[in-house]
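Below you'll find the structure I mean.
Laboratory data are not the source of any read-out in this text; all were calculated from the coordinates shown. It should be emphasised that the depicted structure is a prediction, and the values quoted were computed from it without experimental measurement. Here Cβ is always computed from backbone atoms with ideal geometry, including for glycine, and neighbour counts include all displayed protein chains.
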Amino acid sequence: MKNITVLILTFNTPENIILDCLSSIDEDVKILIVENSNSFAHKDKVLSKFDNVNILCTGKNLGYGGGNNFGIEKAKTDYILILNPDVICGNDFFNHLNGVIEKNKNFSIIGCQYLYDRVFMPAGFFNKKSNEKFIENFKDDKIEELAEVDWVTGCSMLLNITKFNNKKIFDENFFLYFEEFDLCKSLKDKGEKVYSSKKLKIHHLGFKSSFEDNSSYKKNINRMREWHWMWSSFYFYKKNYGYIYALNKIIGKFIKATFKIIYFSLTFNQIEKEKYKYRFLGIYNSILNKPSSFRGNID
């Protein structure tokens, strides 16, 4: 436990969300909260309740990759557990953690699995056939206790820092989405090991990391999600498989977004029109090789 740091990247995270996350972490484990702005609103409350927490602010929103790189560079341990603030660790999580590490010290990343969610996959493969087989085995509970995979989700993953040449491990051209897939792809291309562990179970609330549900920022957050999901999709495929491959993968979504904007304009459905507008803009900017600079007035 002394050689593990839990890294939690926040951005105006609601108090109850971050407190629930922290309460699920073993008190003997070092925790580093990195606030992706210039001020962490719950500093006094958190530090009064948790002796094992350190808090740093980046000064501005660096995105998922940039914010986690900032924290990884500050951490002093060989193992870093990245947790989204809307993650709650299972009761036996930290009882199993040492054993999972000891079983295979040659790993680069070990991803966690969900306590309740059986819809969203916590891991998988880039190859379609391999992924379909894995999904089938996963749903039938036939995968190994520590299964080698191609990718794991970034809401909860254990990093073996000794396997990396430097601590800037995420591509900071991404601002939001696909950073973990890109990292896993780069590791697999080098022959490194990525696993998914049945012993490390978490509850992921999903989309609760930033702001309250009724926040005045909600519209801007939704715009950012639509824009960056599309931008990052194209960039990921372009970086890892080439521009033509990326264009072939994304052109259908680009055409669909165009027609949806027209359709929802004619039917006066402003909410759906806006959704597809920002999807269109995300793809458009990525196709033109423009940076992931859209922030939707949120910084």
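If the convex hull of the alpha-carbon atoms of the chain is projected onto planes in all directions, what is the mean projected area in square nanometres?
16.0
Here is a follow-up. Tell me the label-point distance for the pair LYS128, LYS105, using the 7 Å Cα-to-Cβ offset, in nm and rounded to one decimal.
With each label point 7 Å from Cα toward Cβ, the separation is 4.2 nm.
Now a separate question. Report the calculated FRET efficiency for LYS2 and LEU115 (r = Cβ-Cβ distance, R0 = 35 Å), to the nearest 0.05.
Numbers: r = 27 Å, r/R0 = 0.76.
Efficiency, rounded to the nearest 0.05: 0.85.
Evaluate E = 1/(1 + (r/R0)^6) for GLU274 and LYS249, where r is the Cβ-Cβ distance and R0 equals 22 Å; express this FRET efficiency to the nearest 0.05.
0.35
Using a simple spin-label model with points 7 Å from Cα along the Cα→Cβ vector, what separation in nm is obtained for SER293 and LYS139?
If labels sit at SER293 and LYS139, their model points lie 4.4 nm apart.
Among all stretches of the chain without exposed GluC sites (Glu not before Pro) (DSSP loop, at most 15 other Cβ atoms within 10 Å), which one is longest?
Working: sites that count: GLU27, GLU144, GLU145, GLU212.
Maximal segment without exposed cleavage sites: 28-143.
Moving on. Would you mind telling me the antiparallel percentage of the DSSP bridges in the chain, rounded to 5?
Working: 16 of 37 bridges.
Within the chain, antiparallel bridges account for around 45 percent of the total.
Additional query: Looking only at ASN269, ASN131, ASN52, which one moves most when the chain is put into a Gaussian network model with springs between Cα atoms under 10 Å?
Highest fluctuation of the listed residues: ASN269.
Please report, in debye to the nearest 20, how large the charge dipole of region 153-257 is about its Cα centre when each Lys and Arg carries +1 at its beta carbon and each Asp and Glu carries -1 there.
Around 260 debye, computed over region 153-257.
Taking other Cβ within 10 Å of each residue's Cβ, how do ASP51, ASP171 sort, fewest first? Walk me through the numbers on the way to the answer.
On the way: ASP51 8, ASP171 17.
Sorted ascending by nearby Cβ count, the order is ASP51, ASP171.
Which of the trypsin sites (Lys or Arg not before Pro) found in region 98-127 are in a DSSP loop and have at most 12 neighbouring Cβ atoms, other than their own, within 10 Å? Let's see the in-between values first.
Working: sites: LYS103, LYS105, ARG118; in loops: LYS105, ARG118.
Sites meeting the loop and neighbour criteria: LYS105, ARG118.
Modelling each spin label as a point 7 Å along the Cα-to-Cβ direction, I'd like the TYR263/GLU148 distance in nm, to one decimal.
Distance between the two pseudo-spin positions: 4.4 nm.
Please order ILE255, ILE25, ILE161, ILE33 by the number of other Cβ within 10 Å, starting at the fewest.
Details: ILE255 12, ILE25 22, ILE161 18, ILE33 26.
Fewest to most other Cβ atoms nearby, the residues stand as ILE255, ILE161, ILE25, ILE33.
Sorting ARG295, ARG225, ARG279 on the 10 Å Cβ count, fewest up front, what's the list?
ARG295, ARG225, ARG279
Hey, another quick one. Taking springs between alpha-carbon atoms closer than 10 angstrom, which of LEU97, LEU32, LEU22 fluctuates most in the Gaussian network model of the chain?
The residue with the greatest mean-square fluctuation here is LEU97.
Full-extension gain between ASN173 and ASP28, please, as 0.36 nm times their residue separation minus the C-alpha to C-alpha distance. Numbers along the way, then the final one.
Numbers: separation 145, 0.36 × 145 = 52.20 nm, distance 3.49 nm.
Once the chain is fully extended between ASN173 and ASP28, it gains 48.7 nm.
On a 27 Å Cα-Cα criterion, which of the cross-link pairs LYS129/LYS273; LYS249/LYS273; LYS128/LYS218 come out too long?
Check vs 27 Å cut-off fails for LYS129/LYS273; LYS128/LYS218.
Let's see if you can work this out: charge +1 on each Lys and Arg Cβ, -1 on each Asp and Glu Cβ, no other charges. What is the dipole magnitude of the chain about its Cα centre, in debye to the nearest 20? Present the calculation step by step, with values, prior to reporting the outcome.
Details: 43 positive and 35 negative charges, 241 e Å.
It works out to roughly 1160 debye.
Turning to a different aspect of this structure: For ASP189 and LYS219, compute 0.36 nm times the residue count separating them, minus their Cα-Cα distance, and round to one decimal in nm.
7.0 nm
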